[in-house]
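The values are calculated or read from the model by the stated rules, or taken from the named source; none is laboratory data. Please read these numbers as outputs of a predicted model, since none were measured by experiment. For neighbour counting, all protein chains shown are included, and Cβ atoms are generated from backbone atoms with ideal geometry for every residue, glycine included.
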Amino acid sequence: MIILGIDTSGKQGGIALWRDGEVLDSAPIEGGTFSAQLIPLVSQLLAKNKLEKEDIEGFAVASGPGSFTGLRVGLAAVKGLAEILGKPIATVPVLEALAIVSGVKGNVVAILDAQRQEAYVGEYDAADGGAKMLREELHTQAGMIDRARKASEAGVAVVTSDSSIASVLAGAGLVVIIVERPGAAEMARTGAGKIARGETVTVEQLDANYIRVTDAEIFAKPGK
């Protein structure tokens, strides 16, 4: 099965082709160029591997949290391609992917920097190749520390890919597992498993998982 994985959730992004249990090929996308580079890079990656777009059997896309603009670009691309090709879509929350790449089995708390002195915090029940979401929340820095401390006291592992988060938690005397931020390859790998299990969404159902509301929603006024 050939899966196209797309990640435009962070400052940098990428695409990856997953085939029969391994990464066939991948390409990075520079931040700020997602809208201009995404579709051309998909075409180039397919051509490089002597594949046509019709050979893609499913799509896996990072659904957030992350950059509002970046996520919209990735999701829009997948919506268009999946609708044209009639192929299944699997969404992969970034916190879920973070929990999976940590290698922890059982409950794990995954944390990402949300800027503005806030953090995205998700708790997952992780197993081989997958993770079931228990809860995802936006916390203040103090709330994040409290949540991580309670997790540690309960014997639950805490993981992050952000050095800033790791520094804050270490300063609070907490142990944290630091891993590389999951990218397009992990989206493709996790998405392939979801598609195989039938855990897919339709083009109409595909949406971002921002966790934090957008500025437009914060400042929207009733009747305007």
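With respect to the conditions (1) over 17 Å from the mean Cα position of the chain (by Cα); (2) surrounded by fewer than 19 Cβ atoms within 10 Å (Cβ to Cβ); (3) in a helix (DSSP H, G or I); (4) not charged (D, E, K, R), Asn107 falls short on a single one, namely (3). Confirm whether Ala131 is surrounded by 22 or more Cβ atoms within 10 Å (Cβ to Cβ) and outside the structural domain of Leu71 (by TED's automatic domain parsing). Answer is yes for this residue. Scanning segment 184-212 for residues that are touching a strand residue (DSSP E or B) at 6+ places or on another chain (Cβ under 7 Å), under 23 Å from Ala119 (Cα atoms) and either hydrophobic (A, V, I, L, M, F, W, C) or not assigned by TED's automatic domain parsing to the domain that holds Gly14 (or both) turns up Ala184, Met187, Ile211.
Is it the case that some residue within segment 111-123 is surrounded by fewer than 18 Cβ atoms within 10 Å (Cβ to Cβ), assigned to a strand (DSSP E or B) and outside the structural domain of Glu186 (by TED's automatic domain parsing)? Yes, some residue in segment 111-123 is surrounded by fewer than 18 Cβ atoms within 10 Å (Cβ to Cβ), assigned to a strand (DSSP E or B) and outside the structural domain of Glu186 (by TED's automatic domain parsing). Might you check whether a residue that is at pLDDT 95 or above, over 14 Å from the mean Cα position of the chain (by Cα) and among the hydroxyl-bearing types (Ser, Thr, Tyr) occurs anywhere in segment 79-96? No, the conditions are met nowhere in segment 79-96.
Applying the criterion of being in a loop (DSSP other than H, G, I, E, B) and small (Gly, Ala, Ser) to the residues of segment 53-99, the residue that is farthest from Glu137 (Cα to Cα) is Gly86. Scanning segment 14-50 for residues that are part of a strand (DSSP E or B) and closer than 20 Å to Lys194 by Cβ yields a count of 10.
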